[in-house]
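The structure under discussion appears below in the form of C-alpha cells.
The values are calculated or read from the model by the stated rules, or taken from the named source; none is laboratory data. Given the structure is predicted, the values throughout are model-derived calculations rather than measurements. Positions of Cβ are backbone-derived with ideal geometry, glycine not excepted, and every protein chain shown enters the neighbour counts. Ligands, DNA and RNA are excluded from the accessible area calculation, which covers all protein heavy atoms including side chains. Shrake-Rupley method; radii C 1.70, N 1.55, O 1.52, S 1.80 Å.
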Amino acid sequence: MKKILKAEMWDKMQYLFRKYYDRTMHSVYFYDGTIDEKTLVEVYSAIIAKIPVLHSTFHNNFMRPYWTVNDDYTSDDYFELVETDDVWGYLDKFLGTEICAQGKVQLRVRLIRSGGKDVLATLCNHMCFDGPDLKYFNSKVAETYTEYKKSGKLAPEIKSGTRSAEQVYSMMNEEDYKHAKSLYKNVSTVENKHTFPFAENDGTERSRLVLRKLDKASFLAMKARGKAQGATINDIILAAYFRALFKVTEADSPLTVPCMYDLRKYIGGSTAGLTNLIGFMPCTLSADYGKDMEETVEKVKEALLPAKNDRFTGLYSLPLLKLAYTVFPHCISEIAIGLGYTNPYIGMSNIGIVKPEECAFCGMLPVDAFYSGAIKFKPYMQLAFTTFMNEITFTIGIRGNDKDAKIFYDFLGDVIAEIKAYADSPLTVR
C-alpha cells in the first residue's frame, strides 16, 4: 500500500486556486559552460527521493484531500536534456507547461544546451512549496552536485520537518499566539474591482511568460535615489507599478494591489519542511496618486506604513481558512472559502534576490537567472520580479494571445520607464 501524506492547508488552497492560475512556479538559470547531465540526474534523483511530496499524486477527496507517495517513477518523468539552437523558443513553450497535481512527479527539469552553454529550467507545482523554498531546493541541487563531484559522496541534506502552516505561530509568546490566532479578518476582500485591459479572446490563447529587464545602471541609480527618499526597492517598484496600472486601466477610483508577504519572518527565516508560507499585504492608492514618481513613492510609503508597523502583517485570514478546513468536509469548505475569498484581479510578488553563489556547479556561477510565479488566467494578472547581480527581471505570466503579449510587454516597458525617470530625477521631498 502506498504511503499517504496529509494535504496541508496551503496545498488545498493552491488547489482551490486552479480556477485562477496554473499553480506552476518557474525558475531559469543561465551558465556560460555545461553541467554534467548524468551527475545532475543522479543528484535530482537523490534529492527528490528525500522530498516525498515531490513524487506524490494529489487526491481531491471530498472529505479530506491527501497525497499518495509514488515509488514507481524514474528520471524520465521529470528530467530531459534538450539540445537546441533556439533556447528562448524552447523556453517560451516549456515555461508555459502546467504541472498536473494528479501526475507522478510534481517537478519538471530541462537542461537546455546550446553552443557549449547550458540553461537549467525548472517547473514546480506551487502546491508543494513556494518561491523561497524553490530557491532553497535549487541551491541544494547545486550544493549536492558540487559535493558529489568533489568527494564522490551522494548524501544530500534536505530539511524534512513539518509542512504545516501552523508552524508560523511556533516562535510566538503566549500573548502574541492568542492574538494571531484571532485574526479572522478577510484580507482578500477588495472593494475596487479594476481589471487589466486584456485583448479579446480569439481562440489562439496559450500560456506564456512576458519578460523585461531593468539594467544594472538603472537599478543602482534607483536604489540610491530611493535611499535618499527613505524608500525601499519594493516601495519604488510598487509605485511604478501603480502609476502604470492607473494609466492602462484608466481607473478614476482607488486601486488595490495585494503584495505577497513571506511569513518566514515569524519563524526565523526558514520553514521546517518544504512548504508554502506566504500571506497578503494589500496596498491601496487613490486616483490622486501623484504628479510624478517621487509623490507616488511617498503615497506608497504612507499606505504601507500601518502594515509595516503591524506585528502581525500577513497573518490575517489564516485562522479563518483553518476554521473552514477544520469544521467542514473538504467539498463544503471549498464552497465556503470560494464564497468568502476574492481572488485579486491584480497582484505583485517580489520573489527577492537570486544569489549566483547559491546555484554554482563546481564553481561555475550562473551569468543570469530569474524566477516567476504562476501563469494567471484572464482577467487575473500578477507582476513578479527577481533581482540578480543588480538587474531586475520582471515577469507576468498570462494565458493569452499575441496581442495580450504585446500589451503586457509594453506595460512592463511603462513600469521600467517610470523607474528610470525616478532614478534620474532630483530629490524634492524631505
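For the stretch 3-97, list the strands (runs of 3 or more DSSP E) that sit wholly inside it and hold at least 2 residues that are closer than 19 Å to residue 110 by Cβ and either open to solvent by less than 60 Å² (accessible area, probe 1.4 Å) or touching a helix residue (DSSP H, G or I) at 6+ places or on another chain (Cβ under 8 Å) (or both); which are they?
24-30, 79-83
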Legend entry - Any hit, the stretch 108-115, residues being free of Cβ contacts under 8 Å to residues at least 40 places away in the same chain, within 23 Å of residue 365 (Cβ to Cβ) and either assigned to a loop (DSSP other than H, G, I, E, B) or open to solvent by 50 Å² or more (accessible area, probe 1.4 Å) (or both): yes
Inset, instruction - Just one of (1) closer than 30 Å to residue 389 by Cα; (2) of a type outside the set (A, V, I, L, M); (3) in contact (Cβ under 8 Å) with a residue 60 or more places away in the chain trips up residue 314, so point out which. - result: (3)
Inset, instruction - Output the number of residues of the stretch 260-284 satisfying the condition of being open to solvent by 40 Å² or more (accessible area, probe 1.4 Å) and free of Cβ contacts under 8 Å to residues at least 60 places away in the same chain. - result: 3
Inset, instruction - Take residue 385 and decide whether it is buried (at least 24 other Cβ atoms within 10 Å of the Cβ), at negative phi, in contact (Cβ under 8 Å) with a residue 24 or more places away in the chain and aromatic (Phe, Trp, Tyr). - result: yes
Legend entry - Residue list for the stretch 389-430, filter: more than 16 Å from residue 220 (Cβ to Cβ), out of contact with any strand residue (DSSP E or B) (no Cβ under 8 Å at 6 or more places or on another chain), open to solvent by 60 Å² or more (accessible area, probe 1.4 Å) and not hydroxyl-bearing (Ser, Thr, Tyr): 402, 403, 406, 410, 414, 426, 430
Inset, instruction - Determine, yes or no, whether residue 373 is open to solvent by less than 10 Å² (accessible area, probe 1.4 Å) and either modelled with pLDDT under 95 or in contact with a Ser or Thr (Cβ under 9 Å, 6 or more places away or on another chain) (or both). - result: no
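Residues are listed down the side, and each one gets a yes or a no for (1) over 28 Å from residue 10 (Cα atoms); (2) in contact with a Lys or Arg (Cβ under 9 Å, 6 or more places away or on another chain); (3) at pLDDT below 95:
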position	(1), (2), (3)
73	no, yes, no
76	yes, no, no
89	yes, no, no
94	no, yes, no
131	no, no, no
146	yes, no, no
169	no, yes, no
Legend entry - Positions within the stretch 233-267 being at pLDDT 95 or above and of a type in the set (Gly, Ala, Ser), in sequence order: 239, 240, 244
Legend entry - Search result, residues across the stretch 352-366 that are in a loop (DSSP other than H, G, I, E, B), open to solvent by 10 Å² or more (accessible area, probe 1.4 Å) and farther than 20 Å from residue 150 by Cα: 355
Legend entry - Only one of 238, 315 that is open to solvent by less than 20 Å² (accessible area, probe 1.4 Å), aliphatic (A, V, I, L, M), in contact with a strand residue (DSSP E or B) (Cβ under 7 Å, 6 or more places away or on another chain) and closer than 24 Å to residue 171 by Cα: 315
Inset, instruction - For residue 301, indicate whether it is under 30 Å from residue 216 (Cα atoms), without any contact (Cβ under 8 Å) to a residue 40 or more places away in the chain and of a type in the set (Lys, Arg). - result: no
Legend entry - Residue ID - farthest from residue 59 (Cα to Cα), chosen from residues in the stretch 116-139 that are in a strand (DSSP E or B) and open to solvent by less than 40 Å² (accessible area, probe 1.4 Å): 118
Legend entry - Matching residues in the stretch 165-187 - criterion: being of a type in the set (Phe, Trp, Tyr), open to solvent by 80 Å² or more (accessible area, probe 1.4 Å) and touching a residue at least 12 places away in the same chain (Cβ under 8 Å): 184
Inset, instruction - Would you check if residue 320 is more than 17 Å from residue 260 (Cα to Cα), surrounded by 15 or more Cβ atoms within 10 Å (Cβ to Cβ) and among the aliphatic types (A, V, I, L, M)? - result: yes
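Conditions tested, residue by residue: (1) in contact with a Phe, Trp or Tyr (Cβ under 9 Å, 6 or more places away or on another chain); (2) part of a strand (DSSP E or B); (3) of a type outside the set (Val, Ile, Thr); (4) in contact (Cβ under 8 Å) with a residue 12 or more places away in the chain.
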position	(1), (2), (3), (4)
326	no, no, no, no
337	yes, no, no, yes
350	yes, yes, yes, yes
378	yes, no, yes, yes
394	yes, yes, yes, yes
Inset, instruction - Check whether at least one residue in the stretch 285-302 is open to solvent by less than 30 Å² (accessible area, probe 1.4 Å), not in a helix (DSSP H, G or I) and not hydroxyl-bearing (Ser, Thr, Tyr), and report yes or no. - result: yes
